[in-house]
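Derivation of every value follows stated rules applied to the coordinates shown; laboratory data play no part. In this text, all values refer to a predicted model and were calculated from it rather than measured experimentally. Positions of Cβ are generated from backbone atoms using ideal geometry, with glycine treated the same way; all protein chains shown enter the neighbour counts.
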Amino acid sequence: MDGLKFFLVQHARLHGAEVAPVEGGSFADRVFGGLSDDQLRLRPGRGLNSLAWLLWHVARTEDVAVNLVIAAGRQVFDDGWAGRLGVARRDIGTAMTDDEVSDLGARIDLAALRAYRTAVGRRTREVVGALPSAAWDEPVGPADTDRAVAAGAFGPRADWVPGLWQKRSRAGRLGSTAITHTAVHLGEALTVRSQAGLGLGL
C-alpha cells in the first residue's frame, strides 16, 4: 500500500460514512453517533470540551491546514459556512477560553456542523488525491502559514501555532493534522462521553 492509499484509509476511519465508506463503520460515527443535540452540547466538567466543540475544532483545523496551508487554495469555510453554522469566529479554536468554548458549543447549528465536517473531509480527499508527488516533501514555510493568518485562522492566544506548523513537510503536516490531531481529539471525545455517562460509543 502506498502513502496516498494509507492516508485515505486512515482518514476515512476518522470521518463519517458520508465521506468514505469503511468496512465495519468509522470510528468517528461511533464516537459522535446516537446522541441528542443536548448531549452533544454538554460539558460534563469545567475544562472539558463539549462534543460539539470538538467536532467544530477538528473540522476547522483540517480545513485550514489542508486547503490554506498545504494546497494554497480556498478553505471550505468560505463557501458560506459561517452563516450556516451560526458562528462569527473564523479561527480554529486553539487556546479559546472556557467561556468561549461554552458559547460556541451552545450556539452552533449541529446539523450544519455535521455537514461542514463532511464537506471538509471530502475536500481533503480531493486535495490529497491531486497533490503532486513532489509536493509531499516540500517544507511548510512562512508564506504557507501567512495565508492562514490572513484568513483569521488563529485566535489572539494562538500566535505560536504558525511557527509550529512550519516545522513539517507538507506530508508531515497533512498526517499530523488530518490524522493524528483528529484521532487525539476523538480520544478526548470518548473521555467526555464517559464523564457525561453517555457510554463509550464503541
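Sorted on the mean count of surrounding Cβ atoms within 10 Å across their residues, most packed first, peptides 87-100, 110-123 read 110-123, 87-100.
Each part reduced to its alpha carbon centroid, the stretch 1-52 and the stretch 177-196 end up 9 Å apart. Across the chain, the mean sequence separation of Cα contacts (distance under 8 Å, 6 or more residues apart), normalised by length, yields a relative contact order of 30 percent. Per-residue 3J(HN,Hα) values for the stretch 6-20, derived from phi via the Karplus relation 6.51 cos²θ - 1.76 cosθ + 1.60 with θ = phi - 60°, read 4, 4, 5, 5, 5, 4, 4, 5, 9, 10, x, 4, 5, 7, 6 Hz in sequence order (x marks Gly and Pro).
Here the Karplus curve 6.51 cos²θ - 1.76 cosθ + 1.60, taken at θ = phi - 60°, turns the phi angles of the stretch 119-131 into couplings of 4, 5, x, 5, 4, 4, 5, 5, 4, 5, x, 9, 6 Hz, with x standing for Gly and Pro.
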